[in-house]
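This report concerns only the one structure given below.
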Amino acid sequence: MTAETVQPAALPDAPSTGLTPRTARRLAAAERVLYGAGGVLVAVGPHTDLLPLHAAALAAGAGTLVHLWRRTRSGGTGLLTACCRALPVLGLSGCYAAALAAPGAAWWEVVAPVATAAASVIAAPVTRSLGIEQAVAELPELVAAQGTELDVIAPAEDAPADVYEAGIRQMWAASSATGDTTLTDIHRADPDVPDFTAVVLAPVGEAVPRSLDERTVAAVFDVPLAAVTLAPVKGGGPGRQALRVTPAAAAETGQDDDEVRTLWDERVSGPSGVHPGMLLADYRLEEDRLVVLVQADEDRMVELSRNRLARALRVDDPELVMVETDGLASGVVTVYREHPLVHIREATRQDLTMGTDGRIAIGLRHDGRLARMPLYDPELGALTDLLVGAPGSGKSVLLLTLLAAERLSGVVSVVADAQDGMSLPEAEGRVFHFGKGRAAMGATLAALGAVADYREQVSAANGWGSFTLGDPWPLVIATLDEINRVLATDADAHQDFRKWVAGMISRLQLTGRKLGIGIRFAGQSIHLADLGDSDKIRSGARQGTVWLGRVNGSMTRRMATDMTSGAVEVTPIPRYFGAGGSSEVAAAWSGEETPPGPVTAGCAWLIQGGHPSMTRVFRAVKERRTYPGLVALMEAAPIPGLTPEETDVFRQAYAEALPYAEALMVGGEAATIDKAALVAELETVVDALENHRAVTAGKAPAPALTLRDRIMAALVDGPRRTREIRQAVGVGTDGGPASGSVDNALSKLADEGHLIRAGHGIWSRPQ
């Protein structure tokens, strides 16, 4: 309750200040004399050598500031009066301090204190503040003496009755929807306009009911819903609400505003709407779109469905409705006149150059913003990405766009195409490594695992716990295209081969982040059966990016929905623009054939951090079965490569793993040892026996130990971990074996019963 709320007509006499006129005049005169003397003192004092005078003047200002600081904690009238009284002291003390700091005697050093003293003499703030403080202190007693409450002050007998205000109170009291609440502090800015403000007051100790909302108030006074505003009273509790009813202002707003708000309130947020409680907080109507800011009611989580919103807002094609939410309480709904992603430009070198945050632009969002995707995260390190799309969805264009970005950004691209190189033919010869076929994909993973082992050993030797971009190694990203052809349970590959590939993928996902080795999967499905019955690929992608284009199976869409926060519905992407609306129904009714619209290739849900957004990849023009624009971008920079040491490790491991992968894919573990190998192994054993006899007789030198012998020798002293065995047999040294060869030898020795697994990654000899 403020003094302005009380109407003067309601009080017979003005409140007394508590000071007689004579006393007030005396105080004001004394105060003005002090200000005049202070002005003279401040004009002369700084030019003297009286140190006590200087200290006293500065201390007066400092003490006043401390007093004001203490008053700010209490607030209210005390702070107001303290500020009034402090202005002269602070002004004169400030002038004194400025004069002391300035050299010489300038003209302003006299004018400033004189002007400050003159203003203080005119205002007499101390005397006036005493009167204000006393008047505010006596106001509640005066109102209580009239026998009225602070919230409602009855008009005096001689004051004319406000018929409009009485009618408002009567309408409020007559409505059963208002309950036990009362309407107080009714105020109209213009008596000729029906707009008014008031305060809704609940009984003592109770809160204003939640059911008393804008819709209820609009019904009470029979005004448009847009004319009612309810908000908390600043500084008040839940027992009162500020109310504004402005039918005249709402009528001046325009018919368009009424239509939008009325449509939303009735068909979306109302009790019978598709999303009750999803309130329209604000909106803007542009030439090509309607953008609505949605705020969920206090007791609800935000929930917005594209299909339901399209139906409620009378939109024929749900693809024209886009939804963005924070998953908690707010969201943005955009309704377009035509699909915003039909026309899209080509990528530029600037788009595909990685920034300091590790991100590049791969296309556009529906609202025109750039759709960005990280190649690397400065905090997390290398990432795992998952790209899913049916044939013709634009997945290959996205992969080539990413490969061009990697080459422009100095990232080493290791590519394996399980479709024998047919999926990404433009990448061959334009990346560091390009493996064609399913066996090549396995060998590529084995070679990349060898590079990871090398980096791990060097990092451990130097005490490095994380990866630094370019110091000393470049970022490596492995792109595995058509991964379903390798891991799917119905793929034409032996189970042992699928298990071997899945194991290497799992290992790279676990260790690659800290070693600067990222991995990107591309396929037609993310169903577990198509990913080797392993959820590690899908779960690992949650730290990176999921690109979900047009897919054929509903199961994949449901799996993708599980990877989001659930606040936005991931709806299917049609093959053509405009095919998701009522055009087919109209054609069926009229009997006329409807030509298809442009294809939606490149459109996808970009899921990052559980948040999906509708995007489209930059356009790529195809000529003679290739994409010359993307090829030109790729060839605009040299091919990044590994360090010389890493290159040797990669090439050697790939050459050793490729024949093993080919045999394993066809016949499993048993086919990796053919008859020729068995004969050669028997001959080696025979030769070893002969050499042993010769050595025993002292006739020949001892032969070099095989890799299997060195592994068995390394385990003489007891169990060891895999990395310790690799180090013992010389992995990473000149002429030493590759880590993949050691891993294969360990598996074979375990299968033959020569070794046992004593734990996870721990090997030992049988007891």
Exercise. Within the range 449-459, can one find any residue that is assigned to a helix (DSSP H, G or I), closer than 18 Å to A738 by Cβ, in contact (Cβ under 8 Å) with a residue 24 or more places away in the chain and basic (K, R)?
Worked result: yes
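One line per residue, one yes/no per condition, for (1) of a type outside the set (S, T, Y); (2) part of a helix (DSSP H, G or I); (3) touching a helix residue (DSSP H, G or I) at 6+ places or on another chain (Cβ under 8 Å):
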{"residue": "E379", "(1), (2), (3)": "yes, no, no"}
{"residue": "L386", "(1), (2), (3)": "yes, no, yes"}
{"residue": "S393", "(1), (2), (3)": "no, no, no"}
{"residue": "L402", "(1), (2), (3)": "yes, yes, no"}
{"residue": "R407", "(1), (2), (3)": "yes, yes, yes"}
{"residue": "V414", "(1), (2), (3)": "yes, no, yes"}
{"residue": "Q419", "(1), (2), (3)": "yes, no, yes"}
Exercise. Somewhere in the range 328-351, is a residue of a type in the set (V, I, T), surrounded by 20 or more Cβ atoms within 10 Å (Cβ to Cβ), without any contact (Cβ under 8 Å) to a residue 40 or more places away in the chain and over 30 Å from L515 (Cα atoms)?
Worked result: no
Problem set entry | Test: V716 is hydrophobic (A, V, I, L, M, F, W, C) and under 18 Å from E645 (Cβ atoms) | no
For this session: Kindly indicate which of A670, A637, A714, A653 is closer than 30 Å to V458 by Cβ, over 46 Å from the mean Cα position of the chain (by Cα) and at pLDDT 60 or above.
Result: A714
Problem set entry | Single residue of R284, R345 found to be under 29 Å from V599 (Cβ atoms) and of a type in the set (K, R) | R345
Exercise. Which one of these is touching a helix residue (DSSP H, G or I) at 6+ places or on another chain (Cβ under 6 Å), loosely packed, with under 15 Cβ neighbours inside 10 Å and at pLDDT below 75: A137, A156?
Worked result: A156
Exercise. When residues of the range 338-376 are filtered for being in a loop (DSSP other than H, G, I, E, B) and over 25 Å from V302 (Cβ atoms), how many remain?
Worked result: 19
Exercise. Would you say L508 is touching a Leu at 6+ places or on another chain (Cβ under 6 Å) and closer than 24 Å to F434 by Cβ?
Worked result: no
Problem set entry | Residue list for the range 291-314, filter: out of contact with any Ser or Thr (no Cβ under 6 Å at 6 or more places or on another chain) and surrounded by fewer than 19 Cβ atoms within 10 Å (Cβ to Cβ) | L293, D297, E298, D299, R300, M301, S305, N307, R308, R311, R314
Problem set entry | Index of the failed condition, S525 passing every other in (1) modelled with pLDDT of 85 or more; (2) under 20 Å from L424 (Cβ atoms); (3) surrounded by fewer than 24 Cβ atoms within 10 Å (Cβ to Cβ) | (1)
Problem set entry | Answer residue from the range 17-45, given it is in a loop (DSSP other than H, G, I, E, B) and over 60 Å from the mean Cα position of the chain (by Cα) and is modelled with the lowest pLDDT among those | G18
For this session: Evaluate the range 362-382: report whether one residue or more is small (G, A, S) and under 25 Å from Y283 (Cβ atoms).
Result: yes
For this session: Identify all residues within the range 617-667 that are over 22 Å from Q495 (Cα atoms), assigned to a helix (DSSP H, G or I) and among the hydroxyl-bearing types (S, T, Y); write none if there are none.
Result: T647
Seminar exercise, completed: Reported set for the range 99-118 where residues are free of Cβ contacts under 8 Å to residues at least 12 places away in the same chain and in contact with a Gly (Cβ under 9 Å, 6 or more places away or on another chain) is A115
Problem set entry | So V486, is it among the β-branched types (V, I, T) and surrounded by fewer than 24 Cβ atoms within 10 Å (Cβ to Cβ) | no
Problem set entry | Subset tally (residues that are out of contact with any Gly (no Cβ under 8 Å at 6 or more places or on another chain) and free of Cβ contacts under 8 Å to residues at least 24 places away in the same chain) for the range 44-61 | 9
For this session: Quick one: count up the residues across the range 481-516 that are part of a strand (DSSP E or B) and within 25 Å of S747 (Cα to Cα).
Result: 0
Problem set entry | Pair list, Cβ < 8 Å and 6+ apart or interchain, from the range 355-377 residues that are without any contact (Cβ under 8 Å) to a residue 24 or more places away in the chain to residues that are surrounded by 19 or more Cβ atoms within 10 Å (Cβ to Cβ) and of a type in the set (V, I, T) | R372/I360; R372/I362
Seminar exercise, completed: Filtering the range 390-407 for residues that are modelled with pLDDT under 95 and among the polar types (S, T, N, Q) leaves a count of 2
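The values are calculated or read from the model by the stated rules, or taken from the named source; none is laboratory data. As the structure is a computational prediction, the values presented were derived from the model and not from experiment. Reconstructed Cβ throughout: ideal geometry from the backbone, glycine too, with neighbour counts over all protein chains shown.
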